[in-house]
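Take a look at the structure below.
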Amino acid sequence: MFQKILIANRGEIAVRIIRACKQMGIKTVAVYSTADADSLHVQIADESVCIGPPKSNESYLNMENIISAAVSKGAEAIHPGFGFLSENSAFSTLCKEVGIRFIGPDGSVIDKMGNKSKAREIMIDANVPVVPGSKGALESIDEAMKLSEKIGYPVLIKASSGGGGRGMRVARNKGEFKNQYETAQMEAINAFGDGTMYLEKFVENPKHIEFQILADKYGNVIHLGERDCSIQRRNQKVIEEAPSLISEDLRTRMGDAAIKAAKSVKYENAGTIEFLVSGNDFYFIEMNTRIQVEHPVTEMVTGIDLIKEQINIAAGKELKYKQEDIKLKGHAIECRINAENPKENFRPSPGTIKLLHVPSGHGIRFDSFIYQGYKIPPYYDSMMGKVIVYGETRLDAIRKMRATLEELVISGVDTNQTFCYMILNNPDYVKGSFNTGFIEKKMSFLMEYTE
Ligand code: ADP
Ligand code: ADP
Ligand code: MG
């Protein structure tokens, strides 16, 4: 097992990983930008290294500085968390070259699956159902428009390097195609430095259902059930739950496809296969070759600590579970708590946390990095943390989440807390009658009491 791990991330996921390391008896090295000197991950790590100024490009995305920090502190492995360098194949490869274990898949695997249009091609070849669309990347707007006619509008124009819901636009007809294509591409170039685009049929009102995979270096691949992440705003998840409300038959078919997908690229470590579900059909949309934001709901219903499993796998251990050992029990829900103002089109709201009261109790978890007096810097993601609850049934979990959100106090910055609370109180949400169009459709209901 590793003696020391460097965590190449910030915020709640860095805190989450450092805690897991401590529990495993592993020493930790935090890295931070000058904007994060007071951040919790720096305070709870054994050692820390400043890796640059606030801008991500010069700090959390600065591979040389991060590798230097790992080498100078003698870290044997690097955990990349999510976002930042977590799906960067060059970084995974660079770690390998300098003899540091990257806690995630090999660069060659990230290359295949991290690129969304390439992943589509690979899935088509592996007979995993994908949304109708382009085989791989698009060569030109002309080609894209011809293909759109063939598959039929509306279509979704997507960036190969996209993530976090960015770099995609719907074209409802031929007339708006060019404009939407250029807008999506521009966003992709700005956000990911890559304007490679591909095309999918726009599936109307699907559910987003994803499978958690664990794979070791000996070819053992299992799944830990699924999560429903259909509650999204602008293709970005807000509330997730496990398990989903799909039938046992669909669960089996999708689980098998997810394992097939992972095996087809000889996947290693934790990963997620994302699908859209429409009626009884399901379609692969992408694989995330990293830990995901919503991993705690899976931890709650399986009892397995996914970060510890990631570390064990990277250290070369064999998976200690077989598929038949995985039993889903109860129901878990997660709300992402963001520093943003729903009343002002969800504008980010950085600032100082004046008062913080965190509810606790049986089956209640708050994964966060904020503390009273902490100043949330304006440079990064607005997510402050995640409230996760576990109940015996879905209704138990819903009630527990409502009670938890009622009690949670975060003052000093605007939050989406009451917005989430309103979702938990919507009759259709409670009934389980929702899809990825839910938030948009229910916006006036959700805003009614949102201050
Ligand atoms: P998840 O897929 O785990 O639900 P999100 O899509 O919300 O997570 O992304 C998690 C974090 O990673 C967010 O901060 C998001 O902006 C960032 N992120 C996701 N994909 C990418 C990417 N391709 N490039 C840069 N950042 C990304
Ligand atoms: P990201 O890399 O940003 O996470 P995804 O490809 O996973 O992008 O898609 C994010 C969300 O966008 C999905 O969960 C879904 O709500 C929506 N979406 C993606 N592809 C389609 C599609 N072909 N049809 C309808 N909605 C889609
Ligand atoms: Mg996705």
Subject >> Interchain or long-range residues, amide H under 5 Å from residue 101's placed H >> reply: 77, 78
Subject >> Note, ³J(HN,Hα) from phi for the stretch 351-366, Karplus 6.51, -1.76, 1.60, rounded to Hz, x at Gly and Pro >> reply: x, 9, 6, 7, 9, 9, 10, 10, x, 9, x, 4, x, 10, 9, 10
**OP:** Extending each Cα 7 Å along its Cβ direction at residue 343 and residue 194, get the distance between those two points in nm, one decimal.
**Re:** 4.1 nm
Subject >> Mean separation of Cα contacts under 8 Å, 6 or more apart, over the residue count of the stretch 207-448: relative contact order % >> reply: 21 percent
Original post:
Based on the Cβ-Cβ distance of residue 174 and residue 399, what FRET efficiency does E = 1/(1 + (r/R0)^6) give at R0 = 41 Å, to the nearest 0.05?
Top reply: 0.25
Subject >> Amide H contacts under 5 Å for residue 133, placed H, 5+ residues apart >> reply: 201
**OP:** At 7 Å along the Cα-to-beta-carbon direction for both residue 126 and residue 217, put a label point, then send me their distance in nm to one decimal.
**Re:** 2.1 nm
Original post:
Which links in 118/317; 201/263; 217/322 stretch past 20 Å when you go from one Cα to the other?
Top reply: 118/317; 201/263
**OP:** Set Lys and Arg Cβ to +1 and Asp and Glu Cβ to -1, take the dipole of the chain about its Cα centre, and tell me which of 115, 363, 447 lies farthest positive.
**Re:** 363
Subject >> Length released on extending from residue 44 to residue 260, taking residue separation times 0.36 nm less the Cα-Cα span >> reply: 73.8 nm
Subject >> Amide proton proximity set for residue 233, modelled H, under 5 Å, gap of 5+ >> reply: 238
Subject >> Charge dipole magnitude, Cβ of K and R +1, D and E -1 - the stretch 180-243, Cα centre, debye nearest 20 >> reply: 80 debye
Original post:
Between residue 352 and residue 72, what is the spin-label point distance in nm, taking each point 7 Å from the Cα along the Cα→C-beta axis?
Top reply: 3.1 nm
Subject >> 3J(HN,Hα) from dihedral phi, the stretch 335-348, Karplus parametrisation 6.51/-1.76/1.60, rounded to Hz, x for glycine, proline >> reply: 10, 7, 9, 10, 7, 7, 10, x, 6, 10, 6, 6, 5, x
Original post:
Taking the chain as a whole, which cysteines find no other cysteine Cβ under 4.7 angstrom from their Cβ?
Top reply: 21, 50, 95, 229
**OP:** Over the chain, calculate the relative contact order: mean separation of alpha carbon pairs under 8 Å at least 6 apart, over the residue count, as a percent.
**Re:** 14 percent
**OP:** With a Förster radius of 51 Å, plug the Cβ-Cβ distance of residue 320 and residue 428 into 1/(1 + (r/R0)^6) and report the FRET value to the nearest 0.05.
**Re:** 0.80
Original post:
Projected onto the charge dipole of the stretch 132-201 (+1 at Lys/Arg Cβ, -1 at Asp/Glu Cβ, origin at the Cα centre), which of 192, 162, 134 gives the Cα projection farthest towards the positive end?
Top reply: 134
**OP:** Using the structure shown, list the pairs from 135/174; 112/329; 116/441; 237/442; 207/431 with a Cα-Cα distance above 24 Å, or answer none.
**Re:** 112/329; 116/441
**OP:** For residue 27, list the aspartates and glutamates whose Cα falls under 12 Å from its own Cα; do not include residues on the same chain fewer than 8 positions away.
**Re:** 46, 47, 76
Subject >> Cα-centre dipole for the chain with unit charges at Cβ (Lys and Arg positive, Asp and Glu negative), debye to 20 >> reply: 200 debye
Subject >> the stretch 385-451: relative contact order as a whole-number percent, Cα under 8 Å and 6+ apart >> reply: 28 percent
**OP:** Pop the C-beta distance of residue 151 and residue 372 into the FRET formula with R0 = 41 Å and round what comes out to the nearest 0.05.
**Re:** 0.20
Original post:
Per-residue HN-Hα couplings for the stretch 173-188, Karplus 6.51 cos²θ - 1.76 cosθ + 1.60 at θ = phi - 60°, whole Hz, x for Gly and Pro?
Top reply: 7, 4, x, 9, 4, 4, 4, 5, 4, 5, 5, 4, 5, 4, 4, 5
Subject >> Accessible area in square angstrom per residue, the chain, 1.4 angstrom probe >> reply: 41 Å²
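The values are calculated or read from the model by the stated rules, or taken from the named source; none is laboratory data. In this text the structure is predicted, and so the values were computed from the model without any measurement. Neighbour counts run over all protein chains shown; Cβ positions are idealised from the backbone, glycine included. SASA here: full protein model, heavy atoms, side chains in, ligands and nucleic acids out. Shrake-Rupley method; radii C 1.70, N 1.55, O 1.52, S 1.80 Å.
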